[in-house]
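To start, the structure under review is shown below, and the notes come after it.
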Amino acid sequence: MIKNYIPNEYKKSFPNKNAPNVGLDDVEYVKNGTICIDKQNCSGVVYDEKGQLCDASITYRFDGCVRIPRLTPPCSRITRNCDFINETVVFMGCGYIFSHFGHFLLEGLARAYPALDKKYQKFVFVVNRGTKSLPSFVMTMLGALGIKPENIILISKNTRFAGIYVPPQGSVITKYISPIMTDVFDTIGKKLGVRGLKTYDKIYLSRSKMNDGRTFGEKQIENIFAKNGYKIIWPETLSVPEQITLVKNCKILAGTAGTALHLSLFMKPGATVVQIKRNTMPDDNAEIQNDICNFRKLNFTYIAGSIETTATPHFTQIPQIIGVTKYMQKFFDDNNFKYSKSDIAPNTAEFAKYTKQLRKYRAHKNYARVVKLFARIMSVFGITKYGRQIIREYITRTLHAN
């Protein structure tokens, strides 16, 4: 249940979700299976040797959206004419989500629970074309689950294997997180624990040092939290094991909406997450964070903190700014925070930076529209649909680089 400090029209109340209790007994085995890849969205599914789809390999996201190659079974011709690797592997799915820390936690690890059983040794991941290795944070977490680098196979095209184990998703974003995922996160948290690292009961995860021109005003907020006993942490300045160790041992985790708060997947039951909403449109990731809190049996406090002049959704490149709203001040008062009038006064200098960045964003957006139109016109010279996509991507990268 969410404790809301937001306008009435934005108050969140999500129903309890019944998560399927998937586990090792649900892992399916496909002999001479083929992983068929959709290069456009970098996803894959498994077909058996007769060209029939293995339903457990379908990846679901959000409100039922299916990330599945646009192939209609049976596809026996496709499964015959592709590379063959004489290994028995676990299908891990994945794809583009490797570049996003929070989505890797929620989706990239959704089929990782077979790693808890030594019976499963080799693991295959779908990756973008040209990807030669996985990000270091991914390798760190996979290593904590006992998956060795030499047992990881990366594919970006249709590939047949001697055998494929297909675990159903242990979690579907905005739908459910199965109990089996508790073992996954607890194992990672235990293996990556940093001995001797000083921990804190109250932590504020800050984005203020990212310097990406996307979030303004946070320094004022974190200063108030710091005055009230919160340790300010900048996740990007710490190793993954350090981040997990700090979060696992804290009692209250606060910060703005985003990936960093998804580290609460490693928190202990009974702890509290305080999330600051950094946009004014109803769209945000509160449902995702609420699912995490329900999964880990955490308390969830949700605060409206945006003072932006251009309304934005949660997922955006448009600059955003937060400040001490009346809702945040109410949270401070209810929780006996100490602050002065100057602490909560509007920060005119930061607002000026936000306004300047907003102008720059709009100018860049107009340029991007021109580039996109030019790339679309030039792509007519591509013979196939995939060829036209490659031309558009090349032109867009080149013009933006210049």
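A short reminder: the numbers here are calculations on the coordinates, not readings from a lab. Note that the structure is a prediction, hence the values are computed from the model and not measured. As a convention, Cβ positions derive from the backbone with ideal geometry for all residues, glycine included, and neighbour counts pool all protein chains shown.
The reciprocal of the average 1/r between distinct C-alpha atoms defines the Kirkwood hydrodynamic radius, which for region 149-202 equals 15.4 Å. Size estimate for region 82-137 follows the Kirkwood approach: the inverse of mean 1/r over distinct Cα pairs works out to 12.4 Å. Residues Phe137, Phe84, Phe91, ranked from the fewest to the most other C-beta atoms within 10 Å, line up as Phe84, Phe137, Phe91. With 27 Å as the limit, the listed pairs Lys231/Lys268; Lys132/Lys360; Lys251/Lys356 have Lys132/Lys360; Lys251/Lys356 beyond it between alpha carbons. For Ser171, nonlocal amide neighbours, meaning residues 5 or more places apart or on other chains whose placed amide H falls under 5 Å from its own, are Ser178. Each of Glu222, Glu236 was scored by other Cβ atoms within 10 Å of its Cβ. Arranged with the fewest first, they read Glu236, Glu222. Which FRET efficiency value, to the nearest 0.05, do you get for Phe315 and Ala345 by plugging their Cβ-Cβ distance into 1/(1 + (r/R0)^6) with R0 = 30 Å? With a Förster radius of 30 Å, E is 0.45. Working from label points 7 Å from Cα in the Cα-to-Cβ sense, the Glu9 to Lys198 distance is 4.7 nm.
Placing a label point 7 Å from the Cα of Asn223 along the Cα-to-Cβ direction, the residues of region 330-345 whose backbone N falls under 17 Å of that point are 338-345.
Projected onto planes of every orientation and averaged, the convex hull of the alpha-carbon atoms in region 129-285 covers 12.4 nm². Kirkwood radius for region 237-334, taken over all pairs of different Cα atoms as the inverse mean of 1/r, rounds to 14.1 Å. Annotation: peptides 301-307, 49-55, ranked by per-residue average of other Cβ atoms within 10 Å with the highest first, follow the order 301-307, 49-55.
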